[in-house]
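What follows is a single structure, written as structure tokens, with notes after it.
The values are calculated or read from the model by the stated rules, or taken from the named source; none is laboratory data. Values in this document were obtained by computation on a predicted structure and should not be read as measured data. Cβ placement follows ideal geometry from the backbone for every residue including glycine, while neighbour counts extend to all protein chains displayed.
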Amino acid sequence: MRITNGSDPVFDKLVTGKDKYLFNLLYRIREDPGSFLATDDSTCIIARSNPNTPVWIWLKHPPVPPVRQEIAAYLSQCLAGSGCVNISSCPAYSEDLLREAAMQNHGEYLVNKLLNSYACLSVRPVKTCGRIRYPDPSLKEAIARLITVMYLDAGLGELSSEEALDFAEEKSASDRLFLWENEQGEIVSMVNIAHCTPEYARLNAVVTDRSHRCKGYGAMLVSQVSQRLLQAGQIPVLYADAGYPPSNALYRKIGYTEQGQVAEQRIICR
């Protein structure tokens, strides 16, 4: 394994096909000047933005020596610093390695969540009622309310009112946050474009107010944003909690197709 940087062409050489969607976060990590990036140039990429973010591990197949030992050694370094490390990878290729790394460090291996990866190559039209709204200072309270709901839905804990308003303040002039206003003039749904490359646009923070669910507002918003991205030449991609059928059904309804599954995993040294 060798240490490299985000401009290394090896990333585009190795990460091909559906893996471009499944490991789309690698594009974002490559842009971070302080990120850790390593590869064996053929079967493995390790990527991490900073010590507070997950380690992403791309594997062509289950790792064999010496790559297996080098991945385990890097995870041991991460654990030595914090006693806990989050890893995102395809469990079919990485689970045995991660369990072994946990045992070597007297820790515990956990799967936090399975995520389905989706890409949209064409949008299926949906009946709409309401309209897209762009954020502005007058909508900060609505944005704060929706991001609070999203955190609760994702199991990320409850945001304080100050944290939610800070998010709303930051996004109030953003050209990457989109809201849906229903027929009664209420802001009911939200989606954010988290990252863009010339080829792809990754969506996140998809949420609908709990009192307005099952009315199609989320599908209306995501479909219109996705159509705009496709018209601009970018393929919309996103991740959805595999354990939450309603969001997966929404994405499939408007034309997203599943590209694979990645697991959010954790090793904890107790």
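Quick notes
- All positions within segment 156-197 that are touching a strand residue (DSSP E or B) at 6+ places or on another chain (Cβ under 9 Å), within 15 Å of R210 (Cβ to Cβ) and not in a strand (DSSP E or B): N182
- Of the strands (runs of 3 or more DSSP E) lying entirely inside segment 42-131, those containing at least 3 residues that are under 25 Å from the mean Cα position of the chain (by Cα) and farther than 22 Å from R270 by Cβ are 44-48, 55-59, 107-120.
- Subset of segment 212-270 (residues that are crowded, with 23+ Cβ neighbours inside 10 Å, closer than 26 Å to P54 by Cα and of a type in the set (V, I, T)): V237, V262, I267
- For first residues located in segment 199-224 and in a strand (DSSP E or B), partners that are aromatic (F, W, Y) and lie 6+ apart or on another chain with Cβ distances below 7 Å form the pairs Y200/Y27; T208/Y217.
This table checks each residue for (1) modelled with pLDDT of 95 or more; (2) surrounded by 13 or more Cβ atoms within 10 Å (Cβ to Cβ).
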position: R145; (1), (2): yes, yes
position: L152; (1), (2): no, yes
position: E158; (1), (2): no, no
position: S172; (1), (2): no, yes
position: L177; (1), (2): yes, yes
position: E183; (1), (2): yes, no
position: I187; (1), (2): yes, yes
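- Scanning segment 16-38 for residues that are within 17 Å of the chain's Cα centre (by Cα), hydrophobic (A, V, I, L, M, F, W, C) and over 11 Å from H195 (Cβ atoms) gives L22, F23.
- For segment 15-31, a tally of residues being part of a loop (DSSP other than H, G, I, E, B), of a type outside the set (K, R) and either touching a Pro at 6+ places or on another chain (Cβ under 7 Å) or over 27 Å from P66 (Cβ atoms) (or both) returns 1.
- Pairs where the first residue, in segment 94-106, is among the aliphatic types (A, V, I, L, M) and the second is in a helix (DSSP H, G or I) and crowded, with 22+ Cβ neighbours inside 10 Å, C-beta under 7 Å, 6+ apart: L97/I71; A101/L75
- Close contacts from segment 113-138, counting a first residue that is under 23 Å from C196 (Cα atoms) and a second that is of a type in the set (S, T, Y) and part of a loop (DSSP other than H, G, I, E, B), with Cβ to Cβ under 9 Å and a gap of 6+ residues or different chains, come to Y134/S174; P135/S172; P135/S174; D136/S172.
- Enumeration of residues in segment 205-240 that are farther than 27 Å from L26 by Cα and basic (K, R): R210, R213, K215
- Count - residues of segment 1-14 that are in a loop (DSSP other than H, G, I, E, B) and among the β-branched types (V, I, T): 1
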